[in-house]
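Engineer: Would you mind keeping the following structure in view while I ask a few things?
The values are calculated or read from the model by the stated rules, or taken from the named source; none is laboratory data. Note that the structure is predicted; figures quoted are calculated from it, not measured. Here the Cβ positions follow ideal geometry from the backbone for every residue, glycine too, while neighbour counts run over all protein chains shown.
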């Protein structure tokens, strides 16, 4: 039997005698390994991107709505108006939190108010308003640039405070920084009427995920 040294010499002689075939073999191995690495890298990047998109959409959250029960034909009356006792009650939410204590990270109750317009002298700004509670910041992952998001004291006291986007204040208060807007009063025109709010925070306007 050939020893290790003789095997190595035999292999080297074979490579010298067949340089082109050895080169092509090495090239094939290099290309094959590089292709596998590239495919795995791209696959991981795409997987992380898709995961990030679904997380932005709320993949780790549960959304609940109040709707009519379908009739015998499976049709739902989406235009039905609801009374106060039709809505999800605070005690129901508290019972849910008690039953699943330690498993719920945060909960947000929101009410879409609709389009809103604001006027500051000759400057105007328009946007979309949503009423919510303090935990919404944890769920929506809003980037606060100045001030703070709604807190429990403001929510429980029904304080007329607002958190505006940097894009909104750029139109309404041109030339000012987010910090300079804090504490200012803004008059917001809703379909229900004109209301005055105090600015307690400014967040970064950013469209993420599928909404981009």
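Engineer: What tally of residues in the range 171-181 results from selecting those that are surrounded by fewer than 17 Cβ atoms within 10 Å (Cβ to Cβ) and in a helix (DSSP H, G or I)?
Structural biologist: Result for the range 171-181: 3.
Engineer: Collect the residues in the range 60-118 that are under 20 Å from the mean Cα position of the chain (by Cα) and not in a loop (DSSP other than H, G, I, E, B), keeping them in residue-number order.
Structural biologist: Passing the criteria: 111, 112.
Engineer: Which of the numbered conditions does residue 139 fail, given that it passes all the others? Conditions: (1) loosely packed, with under 14 Cβ neighbours inside 10 Å; (2) part of a helix (DSSP H, G or I).
Structural biologist: Only one criterion in (1) loosely packed, with under 14 Cβ neighbours inside 10 Å; (2) part of a helix (DSSP H, G or I) is unmet by residue 139, namely (1).
Engineer: Give me the residue from the range 137-148 that is within 16 Å of the chain's Cα centre (by Cα) and modelled with pLDDT of 85 or more and, out of that set, nearest to residue 169 (Cα to Cα).
Structural biologist: In this case the residue turns out to be 144.
Engineer: Listed residues 139, 88, 93; which is over 27 Å from residue 191 (Cα atoms) and outside the structural domain of residue 189 (by TED's automatic domain parsing)?
Structural biologist: Matching residue, one of 139, 88, 93: 93.
Engineer: In addition: Could you figure out which of (1) modelled with pLDDT under 85; (2) part of a helix (DSSP H, G or I) isn't true of residue 29?
Structural biologist: Only one criterion in (1) modelled with pLDDT under 85; (2) part of a helix (DSSP H, G or I) is unmet by residue 29, namely (1).
Engineer: Would you check if there is a residue in the range 150-160 being at pLDDT 90 or above and in contact with a helix residue (DSSP H, G or I) (Cβ under 7 Å, 6 or more places away or on another chain)?
Structural biologist: Checking the range 150-160: not a single residue is at pLDDT 90 or above and in contact with a helix residue (DSSP H, G or I) (Cβ under 7 Å, 6 or more places away or on another chain).
Engineer: Quick check: anything in the range 178-185 closer than 30 Å to residue 49 by Cα, within 23 Å of the chain's Cα centre (by Cα) and modelled with pLDDT of 90 or more?
Structural biologist: The answer is no; no qualifying residue exists.
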